[in-house]
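Okay, so here's the structure we're looking at.
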């Protein structure tokens, strides 16, 4: 366990807390952190840059002058790239810069950044963070009492409107919750301020086992149940097999199975695929 001193809002040490080494005590993996930062920056790009090709710019398609006999260089239409106002060759077009990163790598990158903060003594844990008023001077006094003279990232266990408003006018201070904490903010701000509840929430968030596999979603929004598709042909064969086992002749069993399957389908209502056939009838 990594032991960190716990302070109050006046900067006095009131105790200590043992932080989980899986989150705050690992050896930082610089390669994974770099890959996660690149992925986060790429995912923040809109990819909306666009240029017009020669087929999209304004202008006609007529040939500027005839091919031969003028003494000039042969030309096509005015939308060619080398003409003023013509199209752009190999210009940017809307695209997605999204990069997928496995959840284990994202967790490892975040744990590496938090461990680096704990090792550099730039991690401050507060017993609780309450302000007398939602004023900027209250937040500035708090930071001065904690000895924070540079940028700071404050992580609250849950959204606190007073703390958010008090830090809103400070350019070098940002307040987030454990769910809104991202890697770039942890690396960019020089000090990381956590409350005791926020530290525990981060440990739970970053150490909860990853459950693999996807559940199938029902039409009414329920998850986790298997939905069996209704196929009349399968029902007909199963019904015929059951009646053959009971001693009913094969052709009679097959006919009865088809009739029962048709009745079941009619009871459930017309399907989307049979709409045209119903209209034509």
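Rule-based calculations on the coordinates, nothing more; no lab input. Here the structure is a predicted model, which is why all the values come from computation and not from measurement. Ideal geometry is used to build each Cβ from the backbone, glycine not excepted, and the neighbour counts take in all protein chains shown.
When DSSP beta bridges are limited to those with both residues in segment 1-126, what percentage is antiparallel, rounded to the nearest 5? Write out the running numbers ahead of the final one.
Details: 6 of 8 bridges.
Looking only at bridges with both residues in segment 1-126, the antiparallel portion is about 75 percent.
Where does segment 84-211 land on Rg/Rh, using Cα atoms and the Kirkwood Rh? Provide the component values of the computation, followed by the final result.
Working: Rg = 19.0 Å, Rh = 16.7 Å.
Reported Rg/Rh, Kirkwood definition of Rh: 1.14.
Roughly what would the spin-label model give for residue 188 and residue 37, points 7 Å off Cα along C-beta, in nm?
1.2 nm
Using a Förster distance of 51 Å, how high is the FRET efficiency between residue 88 and residue 5, based on the Cβ-Cβ distance and rounded to 0.05? Please report the intermediate quantities before stating the final value.
On the way: r = 59 Å, r/R0 = 1.17.
Efficiency at R0 = 51 Å is approximately 0.30.
In nm, to one decimal, how far is the residue 73 label point from the residue 140 one, both placed 7 Å along Cα→Cβ?
6.4 nm
Based on alpha-carbon centroids, what's the gap between segment 57-119 and segment 183-201 in Å, whole number please?
Cα centres, segment 57-119 to segment 183-201: 38 Å.
Taking the simple approach of a point 7 Å from Cα along Cα-to-Cβ for both residue 98 and residue 18, what is their distance in nm?
Label-label distance for residue 98 and residue 18, simple model: 4.3 nm.
Above 17 Å lies some portion of the pair distances; for segment 40-150, what is it as a whole percent of all C-alpha pairs? Spell out each step's value before the answer.
On the way: 4675 of 6105 pairs.
Percentage above 17 Å: 77.
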